[in-house]
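Here's the structure, in structure tokens; my notes come after.
We did not get these values from a lab; they are worked out from the coordinates using the rules stated. Worth saying up front: this structure is predicted, and the values here are computed from it rather than measured.
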Amino acid sequence: MATLAAVVGALTLLAVLNPLRQPDGADLGPQSSGARFVEAEVGAGDRPEASATPSSVSSTPSAGALPGATDALPGATRTDALPPVVDHGPRRGNKVALTFDADMTDAMRRQMRGGAGTSYANLKIIDRLEQEGVPATFFLTGMWVEQYPDVTRRLADNPRFELANHTYGHHAFTADCYGLPRIAPRKMTADVARTFDLVSAYGGRQTRYFRFPGLCHDRAALTALAPLGLTVVDGDVVSGDPFATAWQPIVRAVLDQVRPGSVIVLHVTEANAPMTDEALPHILAGLAERGLEPALLSEVLATG
Ligand SMILES: [Zn+2]
């Protein structure tokens, strides 16, 4: 029986997330007209060893609090300047980056508790990528990591997968971001640092890549994150997969926009992006037809 609370929760969820169908990019902020890409400072071969496990959290140095300790990671930047904002790599070569956002909000967590079987981890996507040996980069919210530690471990253990940061609880970092609840500006730095800490405990291919919820950022948000030494990654190919009711429009959106160096934005949040796994094989086939090859984000930003 659907309770009023569950209905309100579902409506809130739709109200909050449905606007993400819109082409992200309407509010990229003043910094988005700056650097469209940067050469990554280190190559993918300089990745950290996959060794840490969640059990080592207490003894792991705080990556968020110690920016100097993260210099070797892809996407690591100086901590005394605004973070670079990129939405694609160089337009040469044939590499493109498949990126999957793992959103998790308070509303989604309530939905999981209230609804039987609601999943925000699309294992069919991960299965497919693993079966075909396709590289991908995952932007994880801290709350998603807490909800899905086993899936996070699986992602971290795959050398073809790269891990990145999508905030702790998917709050808006600007005043107007698709109706997402806004984080207090004084909490921005700690929110993102905490998420780096949560993700880095799993080891694997760690990065200092970060994506704002809804791709919404402004100078104040970038200033807040500067001490963390990260690179902000938007994306030039928005798939529109949230709340899709058919896979064909997702495939069309991706294949119509994709070019060498593209960063493709998809979601691994099954319940509110339920067609992405069905779209994925068609996307992979379409990329192959065009001579485009999926690669880690760090490789795409470095070499194109
Ligand atoms: Zn998101």
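Annotation: amide H of PHE212 within the under-5 Å range of VAL233, sequence separation 5 or more or interchain, hydrogens built in the peptide plane.
For region 237-304 versus region 101-176, the spacing of their alpha-carbon centroids is 16 Å. The amide H of THR207, built 1.01 Å from its N in the peptide plane, has LEU163 as neighbours under 5 Å, considering only residues 5 or more places off or on other chains. Which whole-number percent of Cα pairs in region 132-189 have a distance greater than 16 Å? Tail of P(r) above 16 Å: 53 percent of Cα pairs.
Within region 158-304, all pairs of alpha-carbon atoms sorted by distance into 10 Å bins from zero give the percentages 11, 35, 37, 16, 1. Gain on full extension, evaluated as 0.36 nm per residue between ARG186 and ALA220 minus their Cα-Cα distance, stands at 11.2 nm.
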